[in-house]
Amino acid sequence: MKRFLFLVVLTFIITNLAYAQFSFHLIDNFEDANFTRDPKWWRFGDVKTEIVKNPETTARDLITESCGDYSLRLSGKTNDWYIGGMGTDLGVDAARFSRFQIDISGNKKFQGKLIVEFFDDDNQNYQIEQDPQKNYEAIYDDKWVAEILVQGDGFTRTSIPFTAFKDANPGVGDDIWNPDQDDASGGLLKMQLIVISGDQAGQADFKIDNLLLTY
Ligand SMILES: [Ca+2]
Ligand SMILES: [Ca+2]
Ligand SMILES: [Ca+2]
Ligand SMILES: [Ca+2]
């Protein structure tokens, strides 16, 4: 009987592990307090990136609680909207997912926008080739974009269906959202986050957490 119960419990655990594995793909939650490892992010432009401790909270708030101990603060100044951004390699078959999710905690003083960019491999080479002469734009693969308006204080969860992303380079790539690894494609290879000021000459200052692909 004990052995039977053990097997039942074990089966339950394995089933749940399998379920957890396929229900989402975590890109980063910053709990390792490390910007350059698991995954390795790169930074560009004038954006400052800083791992910060999340404030202790006593209020019951599911999203704030799910942000754990650390998040990533993005801040910076600009005279012309664009501040800078960050990116990382993904290399996942995202066919089983349908959404990108992120938690963002804004600031009363500086509103702004976060542009989310995804790149899917369209010439089956596991690379996003870029043209250094043309602002490092992708030359053979699709670039997909969506915009998030940063809200005020406190973590707000945003979940964007892949269908809401627009092809930012019509005529480049195959103009089809195909983040799968069928036919030797690398699938969803790369993502970037771009920070835009709320005013043309202004600042941005917000925190991000729990970046994931889900359905
Ligand atoms: Ca976190
Ligand atoms: Ca490619
Ligand atoms: Ca395209
Ligand atoms: Ca494509």
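Here are a few things to note about the model shown:
- Filter result for PHE155 (at pLDDT 95 or above, within 16 Å of ligand 4 (Cβ to nearest atom) and crowded, with 18+ Cβ neighbours inside 10 Å): no
- Considering ILE63, ILE102, the condition of being under 26 Å from HIS25 (Cα atoms), surrounded by 15 or more Cβ atoms within 10 Å (Cβ to Cβ) and at pLDDT 95 or above is satisfied by ILE102 alone.
- Test: residue in region 78-93 that is over 19 Å from the mean Cα position of the chain (by Cα), buried (at least 17 other Cβ atoms within 10 Å of the Cβ) and at pLDDT 95 or above: yes
- Count of region 48-60 residues which are within 16 Å of ligand 1 (Cβ to nearest atom) and either surrounded by 13 or more Cβ atoms within 10 Å (Cβ to Cβ) or part of a strand (DSSP E or B) (or both): 6
- Filter result (more than 26 Å from THR78 (Cα to Cα), within 16 Å of ligand 3 (Cβ to nearest atom) and part of a strand (DSSP E or B)) within region 120-165: ASP120, ASP142
- Condition check for ILE208: assigned to a strand (DSSP E or B), surrounded by 18 or more Cβ atoms within 10 Å (Cβ to Cβ), modelled with pLDDT of 95 or more and among the hydrophobic types (A, V, I, L, M, F, W, C): yes
- With respect to (1) at pLDDT below 95; (2) loosely packed, with under 14 Cβ neighbours inside 10 Å; (3) away from ligand 2 (no atom under 16 Å from the Cβ), the lone exception for TYR136 is condition (3).
So that you can scan it fast, the table gives a plain yes or no per residue for (1) under 26 Å from ILE196 (Cβ atoms); (2) among the aliphatic types (A, V, I, L, M):
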residue	(1), (2)
ASP32	no, no
ARG43	yes, no
THR49	yes, no
PRO55	yes, no
THR58	no, no
CYS67	yes, no
LEU74	yes, yes
GLY85	yes, no
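- Picking from residues in region 90-135 that are among the acidic types (Asp, Glu) and more than 30 Å from GLN200 (Cα to Cα), the one that is nearest to ligand 1 (Cβ to nearest atom) is ASP93.
The values are calculated or read from the model by the stated rules, or taken from the named source; none is laboratory data. This one's a predicted model, so the numbers in the text were calculated from it and none came from an experiment. Virtual Cβ from ideal backbone geometry, glycine too; neighbours counted across all protein chains shown.
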